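In what follows, a structure is listed as structure tokens, so that the remarks can point back to it.
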Amino acid sequence: MSPPEITLRIIPEFDCLARSRTSALFVCEIAASAAASSGTRRLVVAVDRSSSMTGGPLVVAKRTVRALVDALRNDDEIALVTFDGHAEVLIPPTRLDPLNRARLGGAIDAISAGRGTALADAIHTAVRVAADAPESTVTRAVVVTDGEPSGGEHDPHRIGRGVASHAQRIAVSPIAIGEVANRAFLRTEAQAG
């Protein structure tokens, strides 16, 4: 039996919420299969805060994360991972309620640019946090990034092999930020997970 599905859908460009010269913010929908709708869902969001995300890209990344949070229902779980030269679990898996939504909003607002891009570390950290959920929990890891690793593993196929070991339970969905996002790298990661 296959696990219940959570589907992440990016609404087409004409429904764009915010646009700059180099990026656009789209409406995101998170939908669950009937089996997933009745159980706990865990979304782990990893946000790139590297120096290449300074300014507009980080603003768009934060808006994207807020849209993902807004799409979740109360009682779903969310975890927030940030990464620059290393990945850090900023908010461990937390059940959403009005108080935790406010706390999460504050944490998102406080994200600032750092140095380096340990993308492999971020993907593996997000997948590990998602995999730590009980078997009955439907999980997804979302990586919001410009997709340019500057530290750690750079080979998307090697990174993908680490993700593939969890592919039965966890889908990895990259969200590319900016026109210069390394879409080929991110596509490889999405196909692995």
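Near I78: Cβ cut-off under 10 Å, other residues only, Lys/Arg at +1 and Asp/Glu at -1. The net charge is +2. Taking a Cβ cut-off of under 12 Å around R95, the surrounding Lys, Arg, Asp and Glu residues balance to a net charge of +1, with basic ones at +1 and acidic ones at -1.
For S173, the residues whose amide H sits under 5 Å from its own are A141, V142, V143, ignoring neighbours fewer than 5 places away on the same chain, with H placed 1.01 Å from N. Rolling a 1.4 Å probe over the protein heavy atoms leaves I123 with an accessible area of roughly 0 Å². The packing ranking of peptides 101-108, 43-50, 124-131, highest mean first, is 43-50, 124-131, 101-108, where packing means the average number of other beta carbon atoms within 10 angstrom of each residue.
The values are calculated or read from the model by the stated rules, or taken from the named source; none is laboratory data. Small disclaimer: the values here were computed from a predicted structure and weren't measured. Every residue, glycine as well, gets a Cβ built from its backbone with ideal geometry; the counts of neighbours run over all protein chains shown. Just the protein is used for accessible areas: all its heavy atoms, side chains included, with ligands, DNA and RNA removed. Shrake-Rupley method; radii C 1.70, N 1.55, O 1.52, S 1.80 Å.
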